[in-house]
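The values are calculated or read from the model by the stated rules, or taken from the named source; none is laboratory data. None of the values given here were measured: they were computed from a predicted structure. Heads up, the Cβs are rebuilt from the backbone with ideal geometry, glycines too, and the neighbour counts pull from every protein chain shown. For the accessible areas, the whole protein counts, side chains as well, though only heavy atoms, and no ligand, DNA or RNA atoms are used. Shrake-Rupley method; radii C 1.70, N 1.55, O 1.52, S 1.80 Å.
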Amino acid sequence: MKQVLDTLSETRLRLLNTTSYNATDQPSLLDVVALNIYVAALCEDLLQEGRPTSKIPLLQRLQQAIELLRPNASLEKFHVQPDTYSYNTVLNAVSRNHEWRNRSIIVDDIRKWMSIDTELSSLGRMSSKAFSGDIVTVNALIRGHVESRDYNAALNLIDTYILGDEKFSYSSNSAREITADRYTVDLAIQPLLQNNRTDDVLRLIHNYCESSEALGLKSSILSDILAAFLTRIAIGAQNPVLAEKILHEMYQKRNSAMPSPSTRHYNVVIEGYRRLLTRRGEVMLTGDEATKLWRSMIDRSIRPDKYTLTSIIGQFSTAEEIKQTWAESMQHLGMNPTEISCTSLITQLGVVGDGSASCAVFDWMLYCDKNGRTLPRSLRIWNALLGSLVSRDHLLHRINISLANDISSWLCYDRIKRDSDLSCITNMTVSEVVNGLTQVEAAKRIFYMMLVSSKSDNSIPSPDSQSFCLIAAALARVADSEDGIMRTSNTVKGCLNMATEAMDLFRLSVREQISADGRFLNAIIRCFGSDITSAIDAWKSEIGHVARAYNREKGSGASTGNSNLMAAYHGLFTVCGRGGRPDIAVRLA
């Protein structure tokens, strides 16, 4: 590509040196197009079969493109000046590249090279000088600052070109003003909310809905765009309260251009509330906000779907609330159970400590379809059941099948047939297999059932790395609690059995050719409690070899491989800290 550009440039020079050549006969646009193609090729990260097509790394090519934009650089090299498209191509590539930490500085330099900054008048105010970029330029500049967390610089651009009183046009010969598009609004939300400027966010959204771009869209497309804005506000900026306000404005039609709210819009806001409630160590809300929104949604005849149900169940703190909402959804709202909603139900019942009900739901899935067909119990469902049984605060709770026999009252088993006794589901249920065991013992029993029975029963999946990690984490949590009690007596005997069981699990993972996930290795090592000597011996003799082999397999420079190895080392650091020997941890580091 560069050779072609050199050839074009040399041809242009020869033409200029020919007396018979008239510059007006051949417009310079062709040269700019050639330059833009070359710049685009430098910025493109094309992949073929997962591998880069260029031998030159992307960052190195981006640096070459940036150098071409320096004042007079392309003029001296190729005898042509870059235009707005040239700058926009490089700005977008730089602002989207997450490997570059100084993006904010780079895009600011390019902005100066473009002469975007308007000249100051003698009164100190910006003059009405035409803007040499367009809305694509503004969006790329804002993105570069937002991705670098330089929100003040992003706000300066937003206030100057989007929210400011002065109007900017694309060029001196164009009267068309710079107007925010959907991408501008989406990018501006985060920096504005970081500075608590909620009114400006509402103003931007209202202005966009009344813009010519929005008015020319189909209502379904505009609805999707509003859903993206709500997602950015409720989940990205963690402000579901503002998102709910916009939701009510959509319903009340305070802005006639706004579409009516849909199930998807409600799902986003309810999920935003759920995520705030599940942030550990922080009491963000009362817990009633999502429930009230759920009720208003039903009152307004907006039908919930499986995603609404998943989010609303995820914010409850008691099994009774979960069961009541599930029963209402199935019996009164006419919803059907799905794999997604059942996965959420099993998971949240485990979070609130009702492992017995989690097992009952898992068994019920064999006959929960309203026509008597089964819902698929994929590996994801099996892992959800394991995860529900190894919840941190409920490991020693016992499975009681009699507590789960109220299944017909809320799981709606009677929608299939009237004989709603749990024992009618199958001759031998998981609930019966683990009845009377603690939840951690039940998880281990189910895990080994998966390991053994999957070889002869196609309906039972083999455990994967997530399954192994869940069991290892459960063992580590038990070891954590035991070691915390016994450290005061300066003994580690209580953790020996747990460490032995953990090492058996580790060796089993090697035989089953399960990847050495860093979380798994970390949990295995933590099972040694404060027994530093045994943990280091196990690392030297077995665990370390597997961890380093996995790191080599992923590549020494791969972030995934290194993060897995570091997670394993963190397990060793934890054991050293518990044993009162931080000096050993320092030497390991």
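Some points to look at:
- Met258 vs. criteria surrounded by 14 or more Cβ atoms within 10 Å (Cβ to Cβ), without any contact (Cβ under 8 Å) to a residue 60 or more places away in the chain and in contact with a Ser or Thr (Cβ under 7 Å, 6 or more places away or on another chain): no
- Out of Ser211, Ser219, sole residue that is loosely packed, with under 15 Cβ neighbours inside 10 Å and modelled with pLDDT under 95: Ser219
- Residue count for segment 514-536 under the criterion of being touching a residue at least 12 places away in the same chain (Cβ under 8 Å) and either outside any helix (DSSP H, G or I) or surrounded by fewer than 22 Cβ atoms within 10 Å (Cβ to Cβ) (or both): the result is 13.
- Residue in segment 458-474 that is open to solvent by 40 Å² or more (accessible area, probe 1.4 Å) and at pLDDT below 85 present: yes
- In this structure, Tyr151 qualifies as modelled with pLDDT of 90 or more, open to solvent by 20 Å² or more (accessible area, probe 1.4 Å) and either out of contact with any Gly (no Cβ under 7 Å at 6 or more places or on another chain) or closer than 18 Å to His98 by Cβ (or both).
- Some residue of segment 68-76 being at pLDDT 55 or above, of a type in the set (S, T, N, Q) and assigned to a helix (DSSP H, G or I): yes
- Annotation: of all residues in segment 61-87 being polar (S, T, N, Q) and surrounded by 20 or more Cβ atoms within 10 Å (Cβ to Cβ), the one that is nearest to Ile142 (Cα to Cα) is Ser86.
- Gly436 modelled with pLDDT of 90 or more and at positive phi: yes
- Among the criteria (1) assigned to a helix (DSSP H, G or I); (2) open to solvent by 10 Å² or more (accessible area, probe 1.4 Å), the one Leu386 does not fulfil is (2).
- Scope segment 295-333; condition in contact (Cβ under 8 Å) with a residue 12 or more places away in the chain, more than 18 Å from Leu389 (Cα to Cα) and not in a helix (DSSP H, G or I); matching residues: Arg300, Ile302, Arg303, Pro304, Asp305, Gln315, Leu333
- Residue count for segment 157-184, restricted to those that are open to solvent by 80 Å² or more (accessible area, probe 1.4 Å), modelled with pLDDT under 55 and not in a loop (DSSP other than H, G, I, E, B): 0
- Pairs, first farther than 13 Å from Ala180 by Cβ and open to solvent by 20 Å² or more (accessible area, probe 1.4 Å) in segment 132-144, second assigned to a helix (DSSP H, G or I) and polar (S, T, N, Q), C-beta under 8 Å, six or more apart: Ser132/Thr84; Arg143/Asn92; Arg143/Ser95
- Residues of segment 396-416 that turn out to be crowded, with 20+ Cβ neighbours inside 10 Å and either part of a loop (DSSP other than H, G, I, E, B) or at pLDDT 80 or above (or both), as a count: 3
- Yes/no for Arg143 being in a helix (DSSP H, G or I), at pLDDT 75 or above, of a type in the set (Lys, Arg) and over 23 Å from Ala228 (Cβ atoms): no
- Taken over segment 537-552, residues that are modelled with pLDDT of 90 or more and either surrounded by 14 or more Cβ atoms within 10 Å (Cβ to Cβ) or touching a helix residue (DSSP H, G or I) at 6+ places or on another chain (Cβ under 9 Å) (or both) amount to 4.
- The residues of segment 200-255 that are under 16 Å from Ile189 (Cβ atoms) and not in a helix (DSSP H, G or I), listed by number, are Ala237, Gln238, Asn239.
- Matching option when the condition is over 13 Å from Glu147 (Cα atoms) and either outside any loop (DSSP other than H, G, I, E, B) or touching a Ser or Thr at 6+ places or on another chain (Cβ under 8 Å) (or both), among Arg101, Arg61: Arg61
- There is no residue in segment 192-199 that is open to solvent by 20 Å² or more (accessible area, probe 1.4 Å), basic (Lys, Arg), assigned to a helix (DSSP H, G or I) and modelled with pLDDT of 90 or more.
- Here is the figure for segment 88-107: residues that are within 13 Å of Ala153 (Cβ to Cβ), at pLDDT below 85 and open to solvent by 40 Å² or more (accessible area, probe 1.4 Å) total 1.
- When Phe573 is tested against (1) closer than 16 Å to Ile524 by Cβ; (2) at pLDDT below 85; (3) open to solvent by 50 Å² or more (accessible area, probe 1.4 Å), just one condition goes unmet, and that condition is (2).
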